[in-house]
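Chemist: Encoded as structure tokens, here's the structure I'll be asking about.
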Amino acid sequence: MRIRAFALGVVLVALFSVPAWSQEEDFGRPGWFVGGGLNFAVEEFDVDQVENFSGERVDVSNSIGFEARGGYRLNRWVAFEGNWQYYSGFDIEDRFGNEVLNLSAFSFFANAKGYPLDGRFQPYGLFGMGVQRAEVTDDFGFNIDASDAVFAVKVGGGIDVYFTEHLLGYFDVNYLIGTSDMNFGGPADVGTNMVPMSWGVQWRF
């Protein structure tokens, strides 16, 4: 009899604790968040004008960098955030592999994110509008040191993975599209589209 009563008590505790645990682990709740991490940007630059002007083939390397983000989760479906990213350097090389120019850049976007799920694993779609700024420098004797900025849009998606109710990891991939080419005060324009991949951690308040 005591064993049956004990077993019944265990079952009742488990049944009543499941709703409480589910209520406590509210991953889709409204609230503020901040975070940051690293990024890797795959270049999609349009350097046709540079090649036509110089008469030489030009290669551009990809870039690593870092980022910060913060915003507000409006409800279980929608969040808004500001996202700042820095790309440490796209090396622009001649056909012999010599670096002739270096392009570093940063961007700031206001993003809207949509979440179809609100559990521990939350994929999301993303759309953002913002500004992309880049600076070109060289150590090859061209005496180029100029910067330019353009408006840009970003589309993509990713996933949030919750370790606890407050701490999560994220990964996303986006296509960043400049609304116009950059000139840097030179004779040829450069299109600076890219595909940034980001990963990091966030804290939900």
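Chemist: Given R₀ = 35 Å, FRET efficiency for residue 26-residue 127 by Cβ-Cβ distance, to 0.05?
Modeler: The pair residue 26/residue 127 has a calculated efficiency of 0.85.
Chemist: Still on this structure, I have one more. Between residue 153 and residue 76, what length comes free when the chain is fully extended (0.36 nm per residue of separation minus the Cα-Cα distance, one decimal in nm)? The partial results should precede the final answer.
Modeler: Numbers: separation 77, 0.36 × 77 = 27.72 nm, distance 2.46 nm.
Between residue 153 and residue 76, full extension yields 25.3 nm more.
Chemist: Let me ask something else about it. Hey, what's the per residue convex hull volume over the C-alpha atoms of the stretch 27-204, in cubic angstrom? Don't jump to the answer; show the numbers that get you there.
Modeler: Working: hull volume 17.4 nm³, N = 178.
Convex hull volume per residue, Cα atoms: 98 Å³.
Chemist: As an exercise, use a Förster radius of 41 Å and the Cβ-Cβ distance of residue 167 and residue 88 to find the FRET efficiency, rounded to the nearest 0.05. Working shown, then result.
Modeler: Values: r = 27 Å, r/R0 = 0.66.
Between residue 167 and residue 88 the formula returns 0.95.
Chemist: Here is a follow-up. Report the local net charge at residue 81: Lys and Arg +1, Asp and Glu -1, summed over other residues whose C-beta lies under 15 Å from its C-beta.
Modeler: With Lys, Arg at +1 and Asp, Glu at -1, the neighbours total +2.
Coordinate-derived values only; no laboratory data. These numbers come from a predicted model, not from an experiment. A quick note on method: Cβ atoms are made from the backbone with ideal geometry, for glycine too, and the neighbour counts reach across all protein chains shown.
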